[in-house]
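J.: Supplied in structure tokens, the structure appears directly below.
The values are calculated or read from the model by the stated rules, or taken from the named source; none is laboratory data. Note that the structure is a prediction, hence the values are computed from the model and not measured. Here the Cβ positions follow ideal geometry from the backbone for every residue, glycine too, while neighbour counts run over all protein chains shown. For accessibility, only protein heavy atoms count, side chains too; no ligands or nucleic acids. Shrake-Rupley method; radii C 1.70, N 1.55, O 1.52, S 1.80 Å.
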Amino acid sequence: MPILELLDYTGVAVFAATGALSASRKQLDIIGFLFLAAATGIGGGTFRDVILAAPVFWVVKPTYLIVCVVVALLVFVLAHRIESRYRLLLWLDAMGVSAYCVMGAAKGLAATGSPTVAITTGVLTASCGGIIRDLLAGEPSVLLRPEVYVTAALIGAAAFTAASAAGVPLWIASAIGIAAAFIVRGGALRFGWRFPVYRPRPGRHPDDVM
Amino acid sequence: MPILELLDYTGVAVFAATGALSASRKQLDIIGFLFLAAATGIGGGTFRDVILAAPVFWVVKPTYLIVCVVVALLVFVLAHRIESRYRLLLWLDAMGVSAYCVMGAAKGLAATGSPTVAITTGVLTASCGGIIRDLLAGEPSVLLRPEVYVTAALIGAAAFTAASAAGVPLWIASAIGIAAAFIVRGGALRFGWRFPVYRPRPGRHPDDVM
Amino acid sequence: MPILELLDYTGVAVFAATGALSASRKQLDIIGFLFLAAATGIGGGTFRDVILAAPVFWVVKPTYLIVCVVVALLVFVLAHRIESRYRLLLWLDAMGVSAYCVMGAAKGLAATGSPTVAITTGVLTASCGGIIRDLLAGEPSVLLRPEVYVTAALIGAAAFTAASAAGVPLWIASAIGIAAAFIVRGGALRFGWRFPVYRPRPGRHPDDVM
């Protein structure tokens, strides 16, 4: 399945780059770059494989780890040239989410045949890397920001799954899913698209409630 | 095993509701509700199944995911009518902990025959959903609050395991475990029951120690 | 494999002690001590086994859980006698990292034969326990502190893997790996050794970038 393998490498490489950019924002050392790049790059896919009881992809093919190392070194050398590392991080993240929601959905669909499971593994694969990165780096989680992040993963995974169910060939279904996710996430980044949020009132601090 | 399946659905539904309530406190959009509801609802059981090398329950039976979606939508529509979402969250959480500590212990006991492992998987299943929810939502972890939360899970799991070891039928052992956990956690919520804490002195900030 | 089993017990015991010390710093109750001790003690190894699709070590041999319980009780009784719990925590952590990076690399190498995977599982096993502890306790992650923490794990795992590849017997390769990791981490604690960090400029808050 060369198209899925390509998506996996793309997802790993761009997520690894976002992890390394996060490390540069936190002024970590080179090993911190490697660690955050690898955790972000392979985190989502690892979670997906464990849940589907499939062999973990980078244990089978350690080349994925080498990709993370190379990307981390490149970012370590080049990050200071970038005007806004956080904006670049967000756009790379958008590419990673698009590649990974399709990849995750394809693996979930192949393993179980259930569209519900496929959409779930798609969202999970696409969002876990970013969540792990933000938790480790102590950044406010991308989940809590008023942006259509998980939404983009959901739409991409659903579009891929629907197209596959309709009998569309794998690579066209993949292209549809990737395009759908990237348009939604890119639109959110470029034009500030967002869903109406739940507005009545924010939660009080636990101590004030008890 | 209909009793265990019922416990699993109960645990998923009430934990999903706590995740959605947490999303409403953070004023997330509808997809944020779905995501936090699903992560909280299926998180603990997923962890349990992975550790016991059992097939993950919602991959086998995707209905659990549908339960999370329905619960998230209901909370999205109804949450503004609730006086104190955090108190409701805590009571639902108490029900979830009670159902899940027994469910986790039952699966662990069936898989290994070891009471120690059964109690551990019970505590783990019951507490992981809430821990994941609090980490993702950026709330102070329920673990760090001076309340008998993990304790309730431990007592429920131990009561179920002891009753099972004594040859009590599964559904009675389950009722004993659930009641034990709920009484302890409910007593903590209603009457402020708590264990003596370790008091000598709080930790200093790492920077002051080094 | 008695040498590896000894390393596993050492790693579990000292990581459990760091978890319990963290609980004492947060003034948790006795169950909080047990929970943090167990999560920290068995967290890294659990992650390693799940990723390598091996049976989880404490499910197979519940004695590891008993070790965590005993250590947590000891720390609960004795922690107030210790002048600086955080410094003790860091030194025990250094021992745990040294034992676990070798143990993780040995398991990864045995399972896959790939040095890249072995080094990765070594680092992962050694660092996950501490990361879980810091996340649960709400401490600033050891990852973000300017210390050679992950670096020590990486060097220990690489030294063990290289020695094994060179045909050195298991227990000598283990000793080399442990010594390498402990010297690096101990040097960092004692003499402030650190890598040059990425310095150009810290990241701005996401809200200022958008």
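J.: If you go through segment B:111-163, how many residues are within 11 Å of chain C (Cβ to nearest Cβ) and among the aromatic types (Phe, Trp, Tyr)?
T.: Qualifying residue count for the region: 1.
J.: Could you tell me whether C:Ala20 is within 22 Å of C:Leu136 (Cα to Cα), part of a helix (DSSP H, G or I), of a type in the set (Gly, Ala, Ser) and open to solvent by 10 Å² or more (accessible area, probe 1.4 Å)?
T.: no
J.: In segment B:59-68, what residues are within 9 Å of another protein chain (Cβ to nearest Cβ), in a helix (DSSP H, G or I) and over 14 Å from A:Phe47 (Cβ atoms)?
T.: B:Val60, B:Thr63, B:Leu65, B:Ile66
J.: Condition test on C:Val142, is it under 21 Å from A:Phe33 (Cβ atoms) and modelled with pLDDT of 90 or more?
T.: no
J.: If you take the residues in segment A:190-210 that are assigned to a helix (DSSP H, G or I) and either at pLDDT 75 or above or within 19 Å of A:Ala126 (Cβ to Cβ) (or both), which one is farthest from the chain's Cα centre (by Cα)?
T.: Top of the filtered list is A:Phe191.
J.: A follow-up question, please. Search segment C:38-67 for residues that are free of Cβ contacts under 8 Å to residues at least 40 places away in the same chain and pair each with any residue that is part of a helix (DSSP H, G or I) and acidic (Asp, Glu) when their beta-carbon atoms are under 8 Å apart and the residues are at least 6 apart or on different chains.
T.: C:Pro55/C:Asp49; C:Val56/C:Asp49
J.: So, in segment B:132-162, how many residues would count as being closer than 25 Å to A:Leu135 by Cα, open to solvent by less than 50 Å² (accessible area, probe 1.4 Å), among the aliphatic types (A, V, I, L, M) and in contact (Cβ under 8 Å) with a residue 40 or more places away in the chain?
T.: 3
J.: Starting from segment A:9-31, keep only residues that are within 13 Å of chain C (Cβ to nearest Cβ), then list their pairs with residues that are in a helix (DSSP H, G or I) and basic (Lys, Arg) whose Cβ atoms are within a distance under 8 Å, requiring at least 6 positions of separation or different chains.
T.: Partner pairs satisfying both residue conditions: A:Thr18/A:Arg133; A:Gly19/A:Arg133; A:Leu21/A:Arg85; A:Ser22/A:Arg133; A:Ser24/A:Arg85; A:Arg25/A:Arg85.
J.: Sticking with this one: Restricting segment A:163-178 to residues that are touching a residue at least 24 places away in the same chain (Cβ under 8 Å) and open to solvent by 10 Å² or more (accessible area, probe 1.4 Å), which is nearest to A:Phe47 (Cα to Cα)?
T.: Among residues in segment A:163-178 that are touching a residue at least 24 places away in the same chain (Cβ under 8 Å) and open to solvent by 10 Å² or more (accessible area, probe 1.4 Å), the one nearest to A:Phe47 (Cα to Cα) is A:Ile178.
J.: Okay, moving on. Name the residues in segment B:1-33 that are in contact with a Gly (Cβ under 6 Å, 6 or more places away or on another chain) and farther than 19 Å from B:Gly43 by Cα, would you?
T.: Listed by number, the list holds a single entry, B:Arg25.
J.: So how many residues does segment C:108-130 have that are under 15 Å from the mean Cα position of the chain (by Cα) and without any contact (Cβ under 8 Å) to a residue 60 or more places away in the chain?
T.: Residues meeting the conditions: 4.
J.: How many residues does segment A:1-50 contain that are among the aromatic types (Phe, Trp, Tyr) and under 15 Å from the mean Cα position of the chain (by Cα)?
T.: Residues that pass the stated criteria total 3.
J.: Related question: State yes or no: is C:Phe35 more than 21 Å from B:Leu154 (Cβ to Cβ) and either part of a helix (DSSP H, G or I) or without any contact (Cβ under 8 Å) to a residue 24 or more places away in the chain (or both)?
T.: Answer is no for this residue.
A quick yes/no check of all residues on (1) buried (at least 24 other Cβ atoms within 10 Å of the Cβ); (2) closer than 23 Å to A:Val50 by Cβ:
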position: B:Trp58; (1), (2): yes, yes
position: B:Pro62; (1), (2): no, yes
position: B:Leu65; (1), (2): no, yes
position: B:Leu74; (1), (2): no, no
position: B:Ile82; (1), (2): no, no
position: B:Arg87; (1), (2): no, no
position: B:Met95; (1), (2): no, no
position: B:Val102; (1), (2): yes, no
position: B:Ala110; (1), (2): no, yes
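J.: As an exercise: evaluate C:Ala106 against (1) buried (at least 24 other Cβ atoms within 10 Å of the Cβ); (2) of a type outside the set (Asp, Glu); (3) within 14 Å of chain B (Cβ to nearest Cβ) and give the number of the one condition it does not meet.
T.: The number of the failed condition is (3).
J.: Just one of the numbered conditions (1) at the interface with another protein chain (Cβ under 9 Å from one of its Cβ atoms); (2) farther than 19 Å from A:Glu5 by Cβ; (3) part of a helix (DSSP H, G or I) is not true of A:Thr46; which one?
T.: (2)
J.: Let me ask something else about it. So if I check each of A:Val117, A:Val123, which one is closer than 23 Å to A:Thr18 by Cα, surrounded by 24 or more Cβ atoms within 10 Å (Cβ to Cβ), modelled with pLDDT of 90 or more and not acidic (Asp, Glu)?
T.: Within the list A:Val117, A:Val123, the selection yields A:Val123.
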